[in-house]
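Inspection log for the structure reproduced underneath, given as structure tokens.
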Amino acid sequence: MTNTRLTTASGIPVADNQNSMSAGARGPLLLQDVHLIEKLQHFNRERIPERVVHAKGSGAYGRFTVTQDITRYTKARLFSAVGKTTETFVRFSTVGGEKGSADTERDPRGFAIRFYTEDGNWDLTGNNTPTFFIKDPIKFPDFIHTQKRCPFSNLKSPQMMFDFWANTPESLHQVTILFSNRGTPDGYRHMDGFGSHTFSLINEAGERVWVKWHFKTQQGIKNLKARDAVRIAGEDPDYAQRDLFQAIESGRFPRWTAYVQVMDDAQRLDWERRTGWDAFDLTKVWPQGEFPRLEVGVLELDRNPDNYHADVEQAAFSPGHVVPGLGFSPDKMLQGRLFAYHDAQLYRVGTNHQYLPVNRPRCPVQHQQRDGAMAVENFGRAQNYQPVDAAGVPDGDHGHGEPGWALNGASGRFDPRPAADDYTQPGNLFRLLSAEERQDLFDNMAGPLSQVDATLQDRWLGHLAKADPAYAEGVAAALRARSAR
């Protein structure tokens, strides 16, 4: 089936497999993009029963304590007073590996936090990196397929990985992080966490600011050299799980300090004009020199689950779970995840997965959803519908009351890539590395890159040169050294 046109599963020709349909070039995504929806729905159902991504994970319960007042930015009640505590559950994970894979493989790490607030669950589903490989969710299934197994050989394929990356230069920032030593963190306690996406905070006056969440480890950053990561994978493939579990059991409770970067809309417009970057682009970071981190609180994990499957395996997160005072952004990857995560849990865990103890809110719940599998709480004889109020919704505090953001432009598919700057930020990151860290980056990348064809190597080195000529020269030298062995 080569050289055939791309279609949906119903045989309908696909107009654009690179860009999701949005309301204007910067607007939120449209449900009428049936190709995107079909693609994400099918992708979520590709594995039974383990997660398609983040399959191997560890988790623990704890608490979040507010240490600084941010009520000028948000009305969310969990931040209403310094010293206030909220129960949490955190799940860490590798991303691309199967459930039986090693904890020390080179891979991003998931860092998903659930806050059991008085207004419902807030899920901050992030990673240990502030960026990601792609900027449009329509490419997510394609990308993850390259990180899994080749359908022909059933082997992991560097050719597939670098073929995708070399044709997707927006990935260079994240790939640089991945092949640095931060791609093999020394367990889960010694890495940072990031919300990664741009989110928003809304205050009592209905004013919105854009934010990025950072969780800085108080244990200090520790990473593994590639040779040690490979050795540990053979000696103790559950290394990160063992480390986290034993630390908590012995009373050495891990902690992270939570921060936000804040950008109001006037600052966003000015920054985008000066840099040419999109503040909602998941492949970019906000420079801390311009948008400094503001401390919010401390996250501490102090209790291991009594049963791994009940809590860690059945934990069902979704970035769509936000409480009043918190909100989203036009980040296209976030918009896609708002649909895909919840849909994945409906399939993987079940229609009523929210009733499970790890997923159940700690506040009263009332809705009109009924029946289905695992309907252990079906609301008895309570009415299962709400009629339309012809007089309109009354004034008052009803849920979020979230202000909208301005939209402009016609609906359609908009490709930002031809004008995108995919090289400045990866180059900046490369130049921050020490000489030793750069050499580790060169050697780490040269390993899998040596297994791909020469044409692909040249294309990839061309991208590195655009980020920094020394980057390309270093990787090329490491490739030559490997071939001379």
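Can you tell me which residues in the stretch 144-156 are open to solvent by less than 20 Å² (accessible area, probe 1.4 Å) and either part of a loop (DSSP other than H, G, I, E, B) or touching a residue at least 24 places away in the same chain (Cβ under 8 Å) (or both)? It would help to see each step written out before you state the result.
As a first pass, look at the stretch 144-156 and keep what is open to solvent by less than 20 Å² (accessible area, probe 1.4 Å): 144, 146, 148.
Listed by number, the residues that qualify are 144, 148.
Name the residue, out of 248, 221, 177, that is among the β-branched types (Val, Ile, Thr), outside any helix (DSSP H, G or I) and in contact (Cβ under 8 Å) with a residue 12 or more places away in the chain. Working first, answer last.
Numbers: 248 fails: outside any helix (DSSP H, G or I); 177 fails: outside any helix (DSSP H, G or I).
Testing whether each residue is among the β-branched types (Val, Ile, Thr), outside any helix (DSSP H, G or I) and in contact (Cβ under 8 Å) with a residue 12 or more places away in the chain leaves just 221.
Yes/no per residue for (1) of a type outside the set (Phe, Trp, Tyr); (2) in contact with a helix residue (DSSP H, G or I) (Cβ under 7 Å, 6 or more places away or on another chain); (3) at pLDDT 90 or above:
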| site | (1), (2), (3) |
| --- | --- |
| 345 | yes, yes, yes |
| 359 | yes, yes, yes |
| 364 | yes, no, no |
| 377 | yes, yes, no |
| 383 | yes, no, no |
| 400 | yes, no, no |
| 406 | yes, no, no |
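Report yes if some residue within the stretch 198-205 is without any contact (Cβ under 8 Å) to a residue 24 or more places away in the chain and surrounded by fewer than 20 Cβ atoms within 10 Å (Cβ to Cβ); otherwise report no.
Filtering the stretch 198-205 down to residues without any contact (Cβ under 8 Å) to a residue 24 or more places away in the chain leaves 205.
Subset that is surrounded by fewer than 20 Cβ atoms within 10 Å (Cβ to Cβ): 205.
Yes, that holds for at least one residue.
Of the residues 276, 336, which is out of contact with any His (no Cβ under 6 Å at 6 or more places or on another chain), on the phi > 0 side of the Ramachandran plot and either open to solvent by 30 Å² or more (accessible area, probe 1.4 Å) or at pLDDT 95 or above (or both)?
The match here is 276.
Of the residues 93, 80, only one is surrounded by fewer than 21 Cβ atoms within 10 Å (Cβ to Cβ) and at pLDDT 95 or above; which?
80
Taking the stretch 180-213 as the region of interest, how many residues are small (Gly, Ala, Ser), assigned to a strand (DSSP E or B) and under 15 Å from the mean Cα position of the chain (by Cα)?
Adding up the residues that qualify gives 1.
For residues that are assigned to a loop (DSSP other than H, G, I, E, B) and either of a type in the set (S, T, N, Q) or within 28 Å of residue 282 (Cα to Cα) (or both), scanning just the stretch 350-368, find the one that is most open to solvent (accessible area, probe 1.4 Å).
Residue satisfying both the conditions and the ranking: 366.
The values are calculated or read from the model by the stated rules, or taken from the named source; none is laboratory data. Predicted model only: the values in this text are computed from it and were never measured. For neighbour counting, all protein chains shown are included, and Cβ atoms are generated from backbone atoms with ideal geometry for every residue, glycine included. Heads up: the accessible areas ignore ligands, DNA and RNA and are worked out on the full protein's heavy atoms, side chains in. Shrake-Rupley method; radii C 1.70, N 1.55, O 1.52, S 1.80 Å.
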